[in-house]
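Step one of this worksheet: look at the structure below.
The values are calculated or read from the model by the stated rules, or taken from the named source; none is laboratory data. What you are looking at is a predicted structure, and each value in this text was computed from that prediction instead of being measured. No Cβ is skipped: glycine too gets one built from the backbone with ideal geometry, and neighbour counts run over all protein chains shown. Quick note on the areas: whole protein, heavy atoms, side chains included, nothing else; ligands and nucleic acids left out. Shrake-Rupley method; radii C 1.70, N 1.55, O 1.52, S 1.80 Å.
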Amino acid sequence: MEEQINFSHRSVLLDECIEALSIKSDGIYVDGTAGGAGHSTEIAARLGDGGLLLALDQDETAVRVATERLSRFGKRAEVVHTNFKELGSVCAARGIEHIDGLLLDLGVSSYQLDTAERGFSYRADAPLDMRMDENNPLTAKRIVNEYSEEELRRILFEYGEERFSSRIASNIVRARESGSIETTGELVEIIKRSIPAQAREGGHHPAKRSFQALRIEVNAELDVIAPAIKSAVSLLNPGGRIAIITFHSLEDRIVKQTFASLTGGCTCPKSFPVCVCGNKPQLKIISRKPVLPSREELEQNPRSHSAKLRIAEKL
């Protein structure tokens with residue numbers, strides 16, 4: 001199966017992630033975004049017979065590829081077809097009460113971007129899809145053709161930080177009056193027409209922000225981050241690590257804020273003479289500033305240029 005799938009697995013910040021997890025040979029680790037199993041392979045390779053890696057992914061193709069690539073580790077590695085938000089139930093189903101580390105590599109994979117028919121890329125004409133989990137009933141086509149103009153504007157502005165969101169949303173609604181918008185190519189042309197020529201010169205592709213916004217909406221990407229972190233922290237053994245790679249400011253902000261909320265203790269007003277909330281710090285931050293790709297990695301893998309790695313440890 002693997003030979004038929006060109007699943008790129010050039011893992012971003014690979015060495016930095018492995019160092020961050022501080023892997024114990026008999027520990028239990030979770031790669032919540034297995035993808036092409038690049039990170040998973042390096043984690044599993046460091047485990048002994050008493051160790052276990054759970055590799056999760058919501059993409060069926062990633063699950064097939066990861067299963068093949070991790071098969072040489074036998075019982076030390078198990079691949080599960082699920083979203084990382086289900087970490088708690090995955091562990092409970094296996095009688096796992098505690099883990100020693102979690103890795104999340106957020107965002108879209110190179111395979112998904114490079115497989116035109118998945119509809120993630122604005123560089124190839126394909127059906128409007130963008131689903132990471134192909135069982136998901138919500139597609140980019142449904143959003144583009146069924147969401148109201150105000151909903152479209154909000155998504156483009158909030159998730160894509162697109163300053164021409166109002167114009168793009170208006171032109172999408174106008175275009176679909178003549179018939180359903182079916183492909184990424186059609187959408188790209190609408191977006192291009194919506195952005196002034198001067199603003200299209202240089203810099204990023206004019207559709208980049210809009211495609212990011214639609215992808216986030218389709219997959220509810222931002223909604224699952226904070227709950228998944230809190231679930232993982234509740235499972236971590238003391239000294240266990242959580243390492244998260246983000247690729248845009250919206251993801252990074254959620255990770256940073258969630259880590260901060262779990263490192264703080266008492267939230268009572270300063271005027272209170274004694275603590276009544278009972279909140280205790282659960283994490284300590286290992287990387288005050290995010291870890292960034294090296295110059296060598298940036299040269300070898302341009303897609304890593306916006307990656308940031310944040311690391312925290314269970315108290």
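Report, to the nearest whole %, how much of the accessible area of the range 40-132 belongs to carbon and sulfur atoms, 1.4 Å probe, protein only.
Of the solvent-accessible surface of the range 40-132, carbon and sulfur hold 43 percent.
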inquiry  = Considering only C-alpha atoms, what is the centroid distance from the range 78-129 to the range 242-269, in Å?
reply    = 21 Å
key: Relative contact order (%) - criterion: Cα under 8 Å, at least six apart; region: the chain   = 17 percent
request  = List the relative contact order of the range 41-159 as a percent without decimals, with contacts defined as Cα pairs under 8 Å and 6+ residues apart.
outcome  = 17 percent
query = Of GLY240, GLY48, GLY185, which has the largest mean-square fluctuation in a 10 Å C-alpha GNM of the chain?
reply = GLY48
note = Restricted to pairs 8 or more residues apart or on different chains, the lysines in the chain with C-alpha atoms under 13 Å apart form a number of pairs equal to 10
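Which value, in Å², gives the accessible area per residue of the range 76-160 when a 1.4 Å probe is used on the protein heavy atoms? Show your work: numbers first, answer last.
Details: 3850 Å² over 85 residues.
Solvent-accessible surface per residue comes out at 45 Å².
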query = For the chain, modelled as a GNM with alpha-carbon contacts under 10 angstrom, which of ARG163, ARG76, ARG94 fluctuates the most?
reply = ARG94
query = Got a sec? Charge dipole of the range 123-251, +1 on Cβ for Lys and Arg, -1 for Asp and Glu; which of ALA140, ILE190, VAL173 is way out at the positive end?
reply = ILE190
message = Can you say what percent of the DSSP beta bridges in the chain, counting only those with both residues inside, are antiparallel? Round to 5.
response = 40 percent
query = How compact and how long is the range 225-294, expressed as Rg and Dmax of its alpha-carbon atoms in Å?
reply = 14.1, 48
Folded to 0 to 90 degrees: helix 184-194 orientation relative to the chain principal axis, Cα = 70 degrees
task = Taking only Cα atoms and a 10 Å spring cutoff, compute GNM fluctuations for the chain and point out the largest among ASP57, ASP125, ASP105.
result = ASP125
remark   = Each label sits 7 Å from Cα toward the beta-carbon; between ASP223 and SER166 the label points are separated, in nm, by 2.8 nm
query = In nanometres, what is the gap between the two model label sites at THR267 and GLU60, each 7 Å from Cα along Cα-to-Cβ?
reply = 4.1 nm
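Calculate the dipole size of the chain relative to its Cα centre from +1 charges on Lys and Arg beta carbons and -1 charges on Asp and Glu beta carbons; express the result in debye to the nearest 20.
Numbers: 41 positive and 45 negative charges, 238 e Å.
Charge dipole of the chain: 1140 debye, to the nearest 20.
What's the local net charge at GLU151, with K and R +1, D and E -1, over the other residues with C-beta under 11 Å away?
Counting the neighbours of GLU151, the net charge comes to -3.
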request  = For n ≥ 4 DSSP H runs only, could you compute -39500 (n - 2.57) per run for the chain, divide by its residues and tell me the 222 nm figure to the nearest 500?
outcome  = -11500 deg cm²/dmol
Extended-chain gain in nm, criterion 0.36 nm per residue less alpha-carbon gap, SER294 and SER148 = 48.2 nm
query = Taking +1 at the Cβ of each Lys and Arg and -1 at the Cβ of each Asp and Glu, which of ALA232, ALA199, PHE259 sits farthest along the dipole of the chain towards its positive end, judged by Cα position relative to the Cα centre?
reply = PHE259
query = With every protein chain present, what is the per residue accessible area of the range 203-310 (1.4 Å probe, Å²)?
reply = 52 Å²
request  = Return P(r) of the range 22-156 (all Cα-Cα pairs; 5 Å bins starting at 0; whole %; ordered from short to long distances).
outcome  = 2, 10, 18, 18, 17, 11, 9, 7, 5, 2, 1, 0
key: Of all accessible heavy-atom area on the range 175-303, the percent that carbon and sulfur account for (1.4 Å)   = 51 percent
inquiry  = Need the C-alpha centroid separation for the range 35-59 versus the range 169-224, integer Å.
reply    = 36 Å
